[in-house]
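Below is a structure I'd like to ask you about.
The values are calculated or read from the model by the stated rules, or taken from the named source; none is laboratory data. What you see is a predicted model, and the numbers here were worked out from it, not measured in a lab. Ideal geometry is used to build each Cβ from the backbone, glycine not excepted, and the neighbour counts take in all protein chains shown. For the accessible areas, the whole protein counts, side chains as well, though only heavy atoms, and no ligand, DNA or RNA atoms are used. Shrake-Rupley method; radii C 1.70, N 1.55, O 1.52, S 1.80 Å.
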Amino acid sequence: MFENTRVYLAAFADEAPTLDNFGVETVTIDGVPDGHLVVKTHTLSVDAWIRTTLSDAGMHSKSPLGQTIRAFGVGEVVASSSPDWQVGDWAYGTLSAQSHALVDASTVKKVHPGNGIEPGAFVGALGITTGLTAWVGLVPVGELADGDTVLVSGAAGAVGSCVVQIAKARGARVIGIAGGPEKCAYLTGETGADVAIDYRAGDVAAQVAEAAPGGIDLFFDNVGGEILDAALANLRPEGGARIAICGAISQYENLDDVRGPKLYLRLAERNATMRGFVVSYHAARFPEAIEEISGLIKAGKLTLREHVVDGVENFPQALLQLYSGGHHGNLVVRA
């Protein structure tokens, strides 16, 4: 028997979520059905997509009232009714915002911390919503090439920090966009960005033009809105520029009225392309991504600062902090 502290959806968030949309309770896991595991959560990833499960307007399916808030996590198996899993194994998957997850063994992946890889890396640089998303957006989607000038929005966040470092390791010149001097200093000082642009410090399009007078080859977008237009205004005129749409956090608080780019005709004018992606569609290439990212971690060429919120009961506070921008690097809850 295991006591499980869980965070659940108490009320739908048709507008910006507040603490009133969430509840916390402790329940008991009394048994483990055949083919199932109990995983003691170690670290949960706090991701922007979770917002889109809290109402009808989301890109992901809406959670029913009372359901544990969905989140990716990594943890240690403490009970198993599957012949393929042993107590002490480590699992990664949708553990959700809870201290102990009763899961079907087929829905989680076995991972192996050690040899320079900490457990938290599997919701960090090796996580599907962080490092793997960065790699997919850069490589198969963005077709990153050595010598490219790469612009990254939300560059001080979890995905953005990985994008900057992977692109640098592959020979790109990287310009990161973030909010405030502290985050900009993080980009140039820790992630290795060549230039950091503070979107709060004036005309972003003008700042991009100054940083990349020859134009942008690849824009990795996590933000959307006006930042996307600033990138469209600065695509390389000679043609062949690419935009990879990963997310649009600037739009998530009003999903019933999402605002698209005003300057999309720059795509035609400059023979450029814009492509959205869902990372899971590229699962066949995950082994390639994991090998590259693991190598960068072990070589000290990819680090991801963790902003840790302690206690699974504080998951709602962490989620609201994500949308306010009050964190650097990868925002996680340490259960």
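What does the convex hull of the alpha-carbon atoms of the range 131-280 project to on average, in nm²?
Reported value for the Cα convex hull: 8.3 nm².
Something else: Counting only C-alpha contacts under 8 Å and six or more residues apart, can you give the relative contact order of the chain as a whole percent?
Here the relative contact order equals 18 percent.
Sticking with this structure for a sec: How large is the Rg to Rh ratio of the range 214-334 when both quantities use alpha carbon positions and Rh follows Kirkwood?
1.03
The range 185-292: which GluC sites (Glu not before Pro) are DSSP loop and have at most 16 other beta-carbon atoms within 10 angstrom? Before the final figure, lay out each step's value.
Values: sites: Glu190, Glu210, Glu226, Glu238, Glu253, Glu269, Glu288, Glu291, Glu292; in loops: Glu238.
Answer by residue number: Glu238.
When the Debye formula is applied to the Cα atoms of the range 1-98, each taken as the same point scatterer, what base-10 log of I(q)/I(0) results at q = 0.12, 0.13, 0.14 Å⁻¹?
Values, matching the q order: -0.44, -0.51, -0.58.
Take every DSSP beta bridge with both residues inside the chain and express the antiparallel ones as a percent of the total, to the nearest 5.
Values: 33 of 59 bridges.
Counting DSSP beta bridges with both partners in the chain, the antiparallel share is about 55 percent.
When only Cα pairs under 8 Å and 6 or more residues apart are kept, what is the percent relative contact order across the range 131-280?
22
When the Karplus curve 6.51 cos²θ - 1.76 cosθ + 1.60 is applied with θ = phi - 60°, which whole-Hz ³J(HN,Hα) does each residue of the range 174-189 get, with x for Gly and Pro?
10, 10, x, 10, 8, x, x, x, 5, 5, 5, 5, 4, 4, 7, x
Turning to a different aspect of this structure: Whole-Å semi-axes of the range 94-177's equivalent ellipsoid, largest first, each the root of 5 times a Cα gyration tensor eigenvalue?
29, 13, 12
Another one. Just from the alpha-carbon atoms, what are the Rg and Dmax of the range 206-249 in angstroms?
Both quantities, over Cα of the range 206-249: 10.0, 30 Å.
Another question, if that's okay. Which whole-percent values make up P(r) of the range 173-227 when all C-alpha to C-alpha distances are grouped in 5 Å steps starting at zero?
In whole percents, the pair-distance histogram is 4, 20, 30, 31, 14, 1.
How many percent of Cα pairs in the range 21-180 exceed 28 Å?
33
What do you get when you divide the Cα radius of gyration of the chain by 2.2 N^0.38 Å, with N the number of residues?
Rg over 2.2 N^0.38 Å, computed on Cα atoms: 1.00.
Also, quick follow-up: For the chain, with every protein chain kept in place, what is the accessible area per residue (1.4 Å probe, Å²)?
Working: 14150 Å² over 335 residues.
So the chain comes to 42 Å² accessible per residue, rounded to a whole number.
While we're looking at this one, here's another question. For the chain, which whole percent of the accessible surface, found with a 1.4 angstrom probe, sits on carbon and sulfur atoms?
Roughly 50 percent, rounded to a whole number.
Let me ask another. Once the convex hull of the C-alpha atoms of the range 113-162 is built, how many Å³ does it hold per residue, rounded to a whole number? Present the calculation step by step, with values, prior to reporting the outcome.
Values: hull volume 4.8 nm³, N = 50.
In the range 113-162, the Cα hull volume divided by residue count equals 97 Å³.
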